[in-house]
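Below is one structure; the comments refer to it alone.
The values are calculated or read from the model by the stated rules, or taken from the named source; none is laboratory data. This structure is a prediction, so every number in the text was calculated from the model and none was measured. Ideal geometry is used to build each Cβ from the backbone, glycine not excepted, and the neighbour counts take in all protein chains shown. Note: areas computed on protein heavy atoms with side chains; ligands, DNA, RNA excluded. Shrake-Rupley method; radii C 1.70, N 1.55, O 1.52, S 1.80 Å.
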Amino acid sequence: MAEAAGVAAESLAGCRARAARTVLDQVVLPGEELLLPDQEDGEGSGGAGERPLRLNATARSRGRVVCGPGLRRCGDRLLVTKCGRLRHKEPGSGSGGGVYWVDSQQKRYVPVKGDHVIGIVTAKSGDIFKVDVGGSEPASLSYLAFEGATKRNRPNVQLTRGAVLLLQVSTWAFQVGDLIYGQFVVANKDMEPEMVCIDSCGRANGMGVIGQDGLLFKVTLGLIRKLLAPDCEILQEVGKLYPLEIVFGMNGRIWVKAKTIQQTLILANILEACEHMTADQRKQIFSRLAES
Amino acid sequence: MAFLDFRGGSGRVQIVSKRRATCGRHSWSPRVGACVLRTHLVRKRALLGGSNKPRLHVGSRAMEGAMQTESKIRADSRTEPGPRGPGCSLRHFACEQNLLSRPDGSASFLQGDTSVLAGVYGPAEVKISKEIFNKATLEVILRPKTGLPGVAEKSRERLIRNTCEAVVLGALHPRTSITVVLQVVSDAGSLLACCLNAACMALVDAGVPMRALFCGVTCALDSDGTLMLDPTAKQEKEARAVLTFALDSVERKLLMSTTKGLYSDAELQQCLAAAQTASTHVFRFYRESLQRRYSKS
């Protein structure tokens, strides 16, 4: 029994909180507690979690640390709630202690304010459209939340941008079943999510109804974040392959349109397979496609 | 082949026990055994075409070192070469994540010959009649291998649901539903513990926020008081008491216990202590399995 107790104590000791700094970019599991940098000196000296009393109450030099997805504040520590890699971003302008978050692989989307998503219009009731965004409830979209739309004036606006994105915003031509690209203005756990197709200045900025044809397919959220990262080469390579239009929604949905159906399907397959391919395999496939 | 083929019949059992019997006869080091298992896996994965999608991780029997402490709990009085070698109390584990395309999270957990497949959907829409205003509605559906679900399945569903509710942070997703669907693929003892492990891995795969991980461990007490961890179906039938515990990963606290049979108070404490020690190995296996999964991305 004594040895069993010894083993148990050793295993429990391994569960004590670790400094967040030491586990950056490592896999963390739900239930682990992390210490923020300004709490670490106490752990070293006490060994049992004692912290020296600070006479100076404003000794926190770090400032505010932002707790991102996958982490919860638990007392003065961070509790990990999802499995994934712990990441940290240094504060840009020196205020605050930066952001900590967990990079996890997920398929199900949870609405977050400010995210740009692709939704499918499922119902129209009075002045509100119900849009399915892949979350637990449909988001609501007001008919006035488009550029230049007023109760009387219903313009047919066309927007052209660069070579990649071409969206036609027509406020009244859309019906149930259409695709909408918009952003959330209200998205929290207690309220129904609301989205708009207009930014804070009142301009559409690429949002609105997504045109006819094309293909909508679903990928994991991690792949979308990878493709939307500023230094992603996949997108540049895909752009060199065929002329295309592509829209990424943070809810895991991608809409793609190329000249022919076959090209569209090829692009969709490449993007879905990108998640599991290494860079070399990808380059091989692109070179093979470019030849044919 | 045995670990990857879930549709095996009696032939599969023979393959599995043959490998273990050869391992058990020589005193092999845990690392050697693990290498044998892993190279087999690598070869199989190469045959599958190099796709990284199925994440199969086989738990090695590298628990022999720590199991020395349990030698007095486990009096190995068996003479026939059973499915596990001397000195090792838990059967082989294997876990595969993200194997189903429809659910938000899925996992398959094998313990010896017992295998359970779990799928998690959530946080998703919930019927108005079932919604709870301040937390998520957790539902567990357990389907037996054959036949319609009966009262035993309902009772196990309730136990698994209570365990999951203690661990899942439902308050972050009020008025949503999180559904765990479990399918028994093969039952060779310790079914409830295997279901709990599969449910935990599937919840982690789905990204449902949790305050800790949990695992299930089954103990059996036979007529002369010997404690056996992770009993097979035969051992469970012959035992005088079978106890299943669900333990959490933070402090090995007890989340759920269900017992059947006759046992004394001291025996209960002994079983609980043994289960807590065994859960360390299960959690270590979870950690290795998840680290392997994230190392590929």
>> Any residue in the stretch B:188-215 that is at the interface with another protein chain (Cβ under 8 Å from one of its Cβ atoms) sitting within a Cβ distance under 9 Å of a residue that is of a type in the set (Phe, Trp, Tyr) and open to solvent by 10 Å² or more (accessible area, probe 1.4 Å)? List the pairs, counting only those 6 or more apart or interchain.
In response: B:Ala206/B:Tyr121; B:Leu213/B:Phe283
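Can you tell me which residues in the stretch B:187-203 are open to solvent by less than 10 Å² (accessible area, probe 1.4 Å) and assigned to a helix (DSSP H, G or I)?
So in the stretch B:187-203, the residues open to solvent by less than 10 Å² (accessible area, probe 1.4 Å) come out as B:189-190, B:193-203.
B:Ala193, B:Cys194, B:Cys195, B:Leu196, B:Asn197, B:Ala198, B:Ala199, B:Cys200, B:Met201, B:Ala202, B:Leu203, listed by residue number.
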>> Looking at B:Val184, B:Val208, can you tell me which residue is β-branched (Val, Ile, Thr), closer than 26 Å to A:Arg18 by Cα and open to solvent by less than 20 Å² (accessible area, probe 1.4 Å)?
In response: B:Val208
> Residues of the stretch B:233-265 being within 11 Å of chain A (Cβ to nearest Cβ), over 15 Å from the mean Cα position of the chain (by Cα) and on the phi < 0 side of the Ramachandran plot, which ones?
Replying inline: B:Val250, B:Glu251, B:Lys253
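If we keep just the residues of the stretch B:288-297 that are open to solvent by less than 30 Å² (accessible area, probe 1.4 Å) and not hydrophobic (A, V, I, L, M, F, W, C), which is nearest to the other protein chains (Cβ to nearest Cβ)?
Kept after step one, since they are open to solvent by less than 30 Å² (accessible area, probe 1.4 Å), are these residues of the stretch B:288-297: B:289-290, B:293-294.
Now drop any that are not not hydrophobic (A, V, I, L, M, F, W, C), which leaves B:289, B:293-294.
Values: B:Ser289: 10, B:Arg293: 8, B:Tyr294: 5 Å.
In this case the residue turns out to be B:Tyr294.
Listed here are the residues, each with its yes/no results for (1) open to solvent by 30 Å² or more (accessible area, probe 1.4 Å); (2) under 22 Å from the mean Cα position of the chain (by Cα).
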{"residue": "A:Val238", "(1), (2)": "no, yes"}
{"residue": "A:Ile246", "(1), (2)": "no, yes"}
{"residue": "A:Gly252", "(1), (2)": "no, yes"}
{"residue": "A:Trp255", "(1), (2)": "no, yes"}
{"residue": "A:Leu265", "(1), (2)": "yes, no"}
{"residue": "A:Asn269", "(1), (2)": "yes, yes"}
{"residue": "A:Glu272", "(1), (2)": "yes, yes"}
{"residue": "A:Met277", "(1), (2)": "yes, yes"}
> Of the residues that sit in the stretch B:216-230 and are under 23 Å from B:Asn162 (Cβ atoms) and away from chain A (no Cβ under 14 Å), which one is farthest from the chain's Cα centre (by Cα)?
Replying inline: B:Ala220
> Of all residues in the stretch B:259-287, how many are open to solvent by less than 70 Å² (accessible area, probe 1.4 Å) and within 15 Å of B:Asn197 (Cα to Cα)?
Replying inline: 10
